[in-house]
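The values are calculated or read from the model by the stated rules, or taken from the named source; none is laboratory data. These numbers were taken from a predicted model, which means no experiment stands behind them. A quick note on method: Cβ atoms are made from the backbone with ideal geometry, for glycine too, and the neighbour counts reach across all protein chains shown.
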Amino acid sequence: MFSYVIKRLLGLIPTLLLVAVLVFLFVHLLPGDPARLAAGPEADEKTVALVRADLGLDKPLPEQFVNFFINAAHGDFGRSIRSKRPVSEEIAARFWPTLCLTIVAMIWAVLFGLIIGISSAVWRNKWPDRLGMTLAVSGISFPAFSLGILLMQVFSVELGWLPTVGDETWRHYILPSLTLGAAVAAVMARFTRSSFIEILQEDFVRTARAKGLTETVVVIKHCLRNALIPVVTMMGLQFGFLLGGSILVEVVFNWPGMGRLLVDAVEMRDYPIIQAEILLFSLEFIFINLVVDVLYAVINPSIRFK
């Protein structure tokens, strides 16, 4: 197991290098002049040239990439064009709100997804299954930004039960986390149902029932661990999507997270922020996949990495 983890960690290097090249080229080939945006709309050409030199944009593209990669290897992603603050400080200030929102949304998604999926599998083709799958299809079909606006209109504007925007108290997390986790809960419910239906048809389940065990014991003790193996894979990937895909939800609820920071950076062509955030999202996905692979052996001891 230890050697497998080391190999996966070493495999991060070429993957991140490839991502860095693609992100750098994509950002620098976008139309527009970051130096012009940083200097202001009324700046003359001399001022724009000075700003361009200060940002290092006057150098050849290969030299810019080499400098970017060397600095990134030391944790230095430069300074934000918009705020003039170090990029690492900008991201650090926004990372915690996004991480907290993602964790809360994932808790909602796992809770509702597993309950609906297991119930639908146990009572297959009965009313719990039909109700659960109807909710799952609705959750997948309904866009996140529309759901967020609907929840905000009902629970904040009409009823006044919950705050609209911000992240000051735990009550601010309810609507954004439900909005963010709805689609994940729907996908998890359908995935869990499919996995459980397959496990319920195995011989060891029939043997457990023949021994006189209750259905609750059969489902929890014998089915759950085996059915969770593919579900854990999906959970890990969905957590990565939540962490990197909360942009629309953060915009709707004015959440001070990384998604909102990325939107502002794209509007201002703040390429140091854009590059750093996309690299961070890529690293998160790779790390989450590694954690999921390691969890396989914890859930099912029969799995061994050689």
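Yes or no: Arg171 surrounded by 15 or more Cβ atoms within 10 Å (Cβ to Cβ), of a type in the set (D, E, K, R) and either over 20 Å from Leu242 (Cβ atoms) or in contact (Cβ under 8 Å) with a residue 24 or more places away in the chain (or both)? Let's see the steps before the verdict.
On the way: surrounded by 15 or more Cβ atoms within 10 Å (Cβ to Cβ): no; of a type in the set (D, E, K, R): yes; either over 20 Å from Leu242 (Cβ atoms) or in contact (Cβ under 8 Å) with a residue 24 or more places away in the chain (or both): yes.
So Arg171 fails the test.
Which of the numbered conditions does Glu267 fail, given that it passes all the others? Conditions: (1) in contact with a helix residue (DSSP H, G or I) (Cβ under 8 Å, 6 or more places away or on another chain); (2) at pLDDT 75 or above.
(1)
Exactly one of (1) buried (at least 16 other Cβ atoms within 10 Å of the Cβ); (2) assigned to a loop (DSSP other than H, G, I, E, B); (3) not aromatic (Phe, Trp, Tyr) is unmet by Val23. Its number?
(2)
Looking only at segment 70-98, how many residues end up being hydrophobic (A, V, I, L, M, F, W, C) and surrounded by 15 or more Cβ atoms within 10 Å (Cβ to Cβ)? Full working, then the answer.
Filtering segment 70-98 down to residues hydrophobic (A, V, I, L, M, F, W, C) leaves 70, 72-73, 77, 81, 87, 91-93, 95-96.
So of that shortlist, the ones also surrounded by 15 or more Cβ atoms within 10 Å (Cβ to Cβ) come out as 72, 77, 81, 87, 91, 95.
Total satisfying the criteria: 6.
Scan segment 136-161 and report the pairs whose first residue is modelled with pLDDT of 80 or more and whose second residue is loosely packed, with under 12 Cβ neighbours inside 10 Å, with Cβ atoms within less than 7 Å and a gap of 6+ or a chain change.
Hits for this filter: Phe155/Trp161.
Keeping to segment 196-206, report how many residues are without any contact (Cβ under 8 Å) to a residue 12 or more places away in the chain and crowded, with 17+ Cβ neighbours inside 10 Å.
Of the residues in that region, 0 qualify.
Would you mind finding the one in Gly148, Gly113, Gly132, Gly139 that is within 14 Å of Ile197 (Cβ to Cβ) and in a helix (DSSP H, G or I)?
Gly132
Over 21 Å from Val251 (Cα atoms) and surrounded by 16 or more Cβ atoms within 10 Å (Cβ to Cβ), is that true of Gly139?
On the way: over 21 Å from Val251 (Cα atoms): no; surrounded by 16 or more Cβ atoms within 10 Å (Cβ to Cβ): yes.
In short, no.
Which condition number does Ala121 fail, the rest of (1) crowded, with 20+ Cβ neighbours inside 10 Å; (2) within 19 Å of Phe253 (Cα to Cα) being met?
The number of the failed condition is (2).
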